[in-house]
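Enquirer: Here it is, the structure, as C-alpha cells.
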C-alpha cells in the first residue's frame with residue numbers, strides 16, 4: 001500500500017494504482033474533468049502510477065498546467081495529421097503556448113494557410129478514433145536509432161543534445177511516434193474543440209543561421225463555446241493590433257531599405273511621442289531627477305568595465321574588430337555606464353545622496369529578426385532611463401518612490417489595470433551569465449525581497465530573468481494577442497558601483513560604494529505607444545491625441561469663420577486641423593470619425609451668425625452649440641486632468 005495525500009486528507013491505495021484510478025476513487029466527475037495531476041509538485045499524465053507515498057493535486061483545463069497538457073496533446077494530434085497527409089514531412093518541436101499550441105515542420109512542398117482546413121479535418125478524424133497516447137522510455141542509442149529509422153533528423157539532434165543522464169521518453173499514438181517528455185491526455189478522444197489558425201516561418205531553434213521551418217499554430221478548448229469566444233477575442237485583437245492600426249492611422253511605418261526593427265514615426269506618432277516625453281520629463285523634474293545627455297556610443301573599454309562586453313556583446317551593434325582596429329566602438333544598449341561618468345565627475349558626500357540622473361535615452365539592441373514586432377520589439381528605441389545612487393538606509397524609500405512613479409505613469413495612461421509584477425532573479429546554475437558571487441546575489445535578492453514584501457507587491461518569481469549585475473522588479477504587460485513583454489523595470493545593483501570606482505564619503509569619513517537603482521518610469525516609448533494604440537484602438541484620450549479638434553466648414557462660404565476658429569484654438573495651444581476640402585459635410589464627419597479625432601467643430605451659417613460653434617464628440621456624439629470659449633474651457637479641463 002502507498003499513502004496519497006489529497007487536499008490534506010491521506011488515503012491508502014494499492015501499489016500499481018494509477019492517478020486516473022485515484023481520481024475515480026474521489027468521484028467520476030473529477031475523473032472526467034481531470035486532464036493531469038501534480039505529484040509532489042511535478043506534473044504527470046493520469047496514466048502515471050505513483051511508486052511511493054506522495055501528495056497529489058488534480059489539474060483541470062482551468063489550471064495553467066492542465067491547459068498546457070491539453071494543448072500539448074493537440075500539438076501531437078496535429079503532428080500525426082501532418083504525417084498522414086505529408087509522409088515526407090520532418091518533425092521539429094511542438095509545444096503548448098499561452099493561448100494554444102504550435103508545431104514546426106520541414107516540408108518538401110509549400111504548406112500555407114489554404115492547407116489548414118484539410119489538416120484540421122484529419123485532426124478531427126484522429127480525435128474521433130480516440131487513439132491512446134502511451135508513454136515509453138528508451139535508452140539513448142535505441143531512441144537515436146528509432147528516429148534515424150524514421151528519417152527524423154531534428155529529433156535525432158534533440159536526443160544527442162540531451163544530458164547523458166536524461167530520461168528519454170517517447171509517446172506512441174497508434175502508428176505515430178514522437179519524442180516527448182509529456183505529459184499528455186490519455187487518448188486523442190479527450191480533445192473536444194480544436195482550430196488551426198495560421199502558418200508562419202520559424203528558424204530551427206530560433207537561430208536565423210538555421211533552416212527556416214513551417215510553423216502551424218492552433219488552439220484547443222474542452223467546449224466549442226469557449227473556442228468560439230476565444231476566436232471572437234482574437235478577431236477583436238486583430239482590429240486593435242498596433243502593427244495594423246498604427247499604419248492605417250499613419251502613426252508609424254517601416255521601410256525595407258532602412259531595415260527591420262527600425263520604424264519611422266510619422267507626424268502623428270512623433271507628436272504622441274513628444275507629448276509622452278514632455279509628460280515624463282516634467283514629472284521626473286518635479287521629483288528630484290536631473291537631466292543628463294550622454295553619447296550614443298562608446299569604446300569597448302567602457303563596456304568591459306561594466307561587464308556588457310563579456311555578458312551582453314551578442315545584443316550589441318559593434319563597429320570594428322579588436323584584432324585589427326586600435327579602437328572598437330559599440331552603440332549603447334543601455335545608459336548606465338555613461339551616467340556613472342557623470343557621478344564620477346567629482347567626489348560626493350553622504351549628504352549629496354540620493355543623486356537621481358534621468359535621461360531620455362536612444363538605445364540600440366541587436367534583436368534577432370524573428371523577435372521583431374511592430375513597435376513592441378525594435379532595434380532602435382527610446383527609453384525613460386534613470387540611475388539613482390543612494391545610501392543603504394535610503395534604498396527602500398527610493399525604491400518605493402521609483403515604483404510609485406511608475407504606477408502613477410501607468411494609471412495616468414490607463415494601462416495600470418493590465419500589468420503584473422515579476423521578481424526577476426539570477427539562476428545559480430548558470431553562473432557564467434552573471435557577475436558577482438553567490439553571497440552578493442543572495443544579499444541583493446534578500447534585500448529586494450524584503451522591500452517588495454514590505455510594499456505588498458504581488459509578484460511572481462522569474463528565475464534566470466535578472467540582469468547580469470542584479471535582480472529586478474519587472475512590470476509585465478500583454479499585447480492584444482496575449483504575448484507578454486516587460487514594460488518597466490526597477491533594479492537593485494550593488495556591484496557596478498565598485499567596478500566603476502563610484503564612492504561617497506560617509507559620516508565617519510570612510511569611503512563607501514553607493515547602492516544603485518536602475519529604473520524606467522514609462523519604459524520604452526515605442527512599446528508604450530504600441531500598447532496605447534491597442535488599448536484605445538487608436539482612439540486616444542484628448543490629452544494624448546495627435547489631433548484634438550478638427551474644424552469642418554459646411555462650405556467654402558464659411559471658410560473665413562473656420563479660419564478664425566482654427567487660429568484661435570491653435571494660439572491657445574490646442575492641436576487642431578482644418579478640413580477645408582470641397583466635400584459634403586457628412587463625408588468630412590465620417591472621415592474625422594475614421595481618424596478617431598476626439599472633437600469636431602462644424603461651422604455653418606447659423607454658427608457664424610450667432611458666433612458659436614457646433615461640437616461633435618467622438619464619445620458622446622452631438623453636443624450642440626456653444627461659444628468657442630465654453631468649448632475651450634471644457635477641452636482644457638479634460639486635457640489638464642488627463643481624462644482617459
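The values are calculated or read from the model by the stated rules, or taken from the named source; none is laboratory data. Every value quoted in this text rests on a predicted model; they were computed, and no experiment measured them. Reconstructed Cβ throughout: ideal geometry from the backbone, glycine too, with neighbour counts over all protein chains shown.
Enquirer: Check whether at least one residue in segment 171-180 is under 28 Å from the mean Cα position of the chain (by Cα) and modelled with pLDDT under 95, and report yes or no.
Expert: Scanning segment 171-180, I find at least one residue that is under 28 Å from the mean Cα position of the chain (by Cα) and modelled with pLDDT under 95, so the answer is yes.
Enquirer: Pull out all pairs, ordered by first then second residue, where Cβ-Cβ is under 7 Å, the residues are six or more apart or on different chains, the first lies in segment 51-77 and is on the phi > 0 side of the Ramachandran plot, and the second is assigned to a strand (DSSP E or B).
Expert: none
Enquirer: Is it true that some residue in segment 200-217 is in the same structural domain as residue 113 (by TED's automatic domain parsing), farther than 20 Å from residue 86 by Cα and at pLDDT 95 or above?
Expert: No, that holds for no residue.
Enquirer: Counting only residues that are under 24 Å from the mean Cα position of the chain (by Cα) and not in a strand (DSSP E or B), which one in segment 193-210 is surrounded by the most Cβ atoms within 10 Å (Cβ to Cβ)?
Expert: Residue satisfying both the conditions and the ranking: 204.
Enquirer: Filter segment 211-258 for residues that are part of a loop (DSSP other than H, G, I, E, B) and within 22 Å of the chain's Cα centre (by Cα) and give the result.
Expert: Listed by number, the residues that qualify are 241, 251, 254.
Enquirer: Working carefully through the options 405, 389, 409, find the one that is farther than 25 Å from residue 639 by Cα and in contact with a helix residue (DSSP H, G or I) (Cβ under 9 Å, 6 or more places away or on another chain).
Expert: 389
Enquirer: For residue 318, indicate whether it is touching a strand residue (DSSP E or B) at 6+ places or on another chain (Cβ under 6 Å) and not assigned by TED's automatic domain parsing to the domain that holds residue 372.
Expert: On the way: touching a strand residue (DSSP E or B) at 6+ places or on another chain (Cβ under 6 Å): yes; not assigned by TED's automatic domain parsing to the domain that holds residue 372: no.
No: the conditions fail for residue 318.
Enquirer: Here is a further query. Would you confirm whether any residue within segment 497-510 is surrounded by 15 or more Cβ atoms within 10 Å (Cβ to Cβ), under 24 Å from the mean Cα position of the chain (by Cα) and modelled with pLDDT of 90 or more?
Expert: Taking every residue of segment 497-510 in turn, none turns out to be surrounded by 15 or more Cβ atoms within 10 Å (Cβ to Cβ), under 24 Å from the mean Cα position of the chain (by Cα) and modelled with pLDDT of 90 or more.
Enquirer: Could you list, in sequence order, all residues of segment 73-112 that are touching a helix residue (DSSP H, G or I) at 6+ places or on another chain (Cβ under 8 Å), in a loop (DSSP other than H, G, I, E, B) and within 15 Å of residue 154 (Cα to Cα)?
Expert: 89, 92, 93, 94, 95
Enquirer: Considering only segment 330-378, state which residues are within 18 Å of residue 304 (Cα to Cα), in a strand (DSSP E or B) and touching a helix residue (DSSP H, G or I) at 6+ places or on another chain (Cβ under 9 Å).
Expert: Residue satisfying the conditions is 330 alone.
Enquirer: Being loosely packed, with under 14 Cβ neighbours inside 10 Å, closer than 21 Å to residue 114 by Cα and modelled with pLDDT under 95: is that true of residue 236 here?
Expert: Numbers: loosely packed, with under 14 Cβ neighbours inside 10 Å: yes; closer than 21 Å to residue 114 by Cα: no; modelled with pLDDT under 95: yes.
In short, no.
Enquirer: Of the numbered conditions (1) within 35 Å of the chain's Cα centre (by Cα); (2) not in a loop (DSSP other than H, G, I, E, B), residue 143 satisfies every one except a single condition; which is it?
Expert: Only one criterion in (1) within 35 Å of the chain's Cα centre (by Cα); (2) not in a loop (DSSP other than H, G, I, E, B) is unmet by residue 143, namely (1).
Enquirer: So how many residues does segment 284-304 have that are in a helix (DSSP H, G or I) and farther than 22 Å from residue 353 by Cβ?
Expert: Residues that pass the stated criteria total 5.
Enquirer: Still on this structure, please answer the following. State whether the residues of segment 473-484 include one that is surrounded by 15 or more Cβ atoms within 10 Å (Cβ to Cβ), in a strand (DSSP E or B) and free of Cβ contacts under 8 Å to residues at least 60 places away in the same chain. Break it down into steps so the answer makes sense when it comes.
Expert: Of all residues in segment 473-484, those surrounded by 15 or more Cβ atoms within 10 Å (Cβ to Cβ) come to 473-481.
Those left that are additionally in a strand (DSSP E or B): 473-478.
Within this subset, residues satisfying the condition of being free of Cβ contacts under 8 Å to residues at least 60 places away in the same chain are 474, 476.
Yes; the residues of segment 473-484 include at least one that is surrounded by 15 or more Cβ atoms within 10 Å (Cβ to Cβ), in a strand (DSSP E or B) and free of Cβ contacts under 8 Å to residues at least 60 places away in the same chain.
Enquirer: Just need a number here: residues in segment 14-45 that are in a loop (DSSP other than H, G, I, E, B) and either free of Cβ contacts under 8 Å to residues at least 12 places away in the same chain or surrounded by fewer than 21 Cβ atoms within 10 Å (Cβ to Cβ) (or both).
Expert: Of all residues in segment 14-45, those in a loop (DSSP other than H, G, I, E, B) come to 14-18, 27, 34-35, 40-41, 45.
If we keep only those that are either free of Cβ contacts under 8 Å to residues at least 12 places away in the same chain or surrounded by fewer than 21 Cβ atoms within 10 Å (Cβ to Cβ) (or both) too, we end up with 14-18, 27, 40-41.
The number of residues fulfilling the criteria is 8.
Enquirer: Return yes when residue 492 is modelled with pLDDT of 95 or more, assigned to a strand (DSSP E or B) and in the same structural domain as residue 388 (by TED's automatic domain parsing) and no when it is not.
Expert: When the stated conditions are applied, residue 492 does not pass them.
Enquirer: Turning to a different aspect of this structure: Would you be able to tell me the number of residues in segment 81-93 that are crowded, with 22+ Cβ neighbours inside 10 Å and closer than 17 Å to residue 182 by Cβ?
Expert: 1
Enquirer: Among the residues of segment 139-158, which ones are over 18 Å from residue 108 (Cα atoms) and touching a residue at least 12 places away in the same chain (Cβ under 8 Å)?
Expert: Listed by number, the residues that qualify are 139, 140, 143, 144, 146, 147, 156, 158.
Enquirer: Follow-up question, since we're still on this one. Within segment 333-344, is even one residue loosely packed, with under 15 Cβ neighbours inside 10 Å, in the same structural domain as residue 406 (by TED's automatic domain parsing) and either modelled with pLDDT under 95 or closer than 29 Å to residue 642 by Cα (or both)? Please lay out each step first, then the result.
Expert: From segment 333-344, those loosely packed, with under 15 Cβ neighbours inside 10 Å are 344; that's our starting set.
Retained after the next criterion (residues that are in the same structural domain as residue 406 (by TED's automatic domain parsing)): 344.
From the residues that got through so far, the ones that are either modelled with pLDDT under 95 or closer than 29 Å to residue 642 by Cα (or both) too are none.
No: segment 333-344 contains no residue that is loosely packed, with under 15 Cβ neighbours inside 10 Å, in the same structural domain as residue 406 (by TED's automatic domain parsing) and either modelled with pLDDT under 95 or closer than 29 Å to residue 642 by Cα (or both).
Enquirer: Related question: Can you list the strands (runs of 3 or more DSSP E) lying wholly within segment 516-615 that have 1 or more residues being more than 30 Å from residue 375 (Cα to Cα)? First the steps, then the outcome.
Expert: Details: elements: 549-553, 576-578, 599-603.
Here the list reads 549-553, 599-603.
Enquirer: Also, I was wondering about something else. Within the group 446, 427, 453, which residue is surrounded by fewer than 16 Cβ atoms within 10 Å (Cβ to Cβ), touching a helix residue (DSSP H, G or I) at 6+ places or on another chain (Cβ under 8 Å), assigned by TED's automatic domain parsing to the domain that holds residue 415 and more than 20 Å from residue 336 (Cα to Cα)? Walk me through it before giving the result.
Expert: Details: 446 fails: touching a helix residue (DSSP H, G or I) at 6+ places or on another chain (Cβ under 8 Å); 453 fails: touching a helix residue (DSSP H, G or I) at 6+ places or on another chain (Cβ under 8 Å).
None of the others qualify; the one that does is 427.
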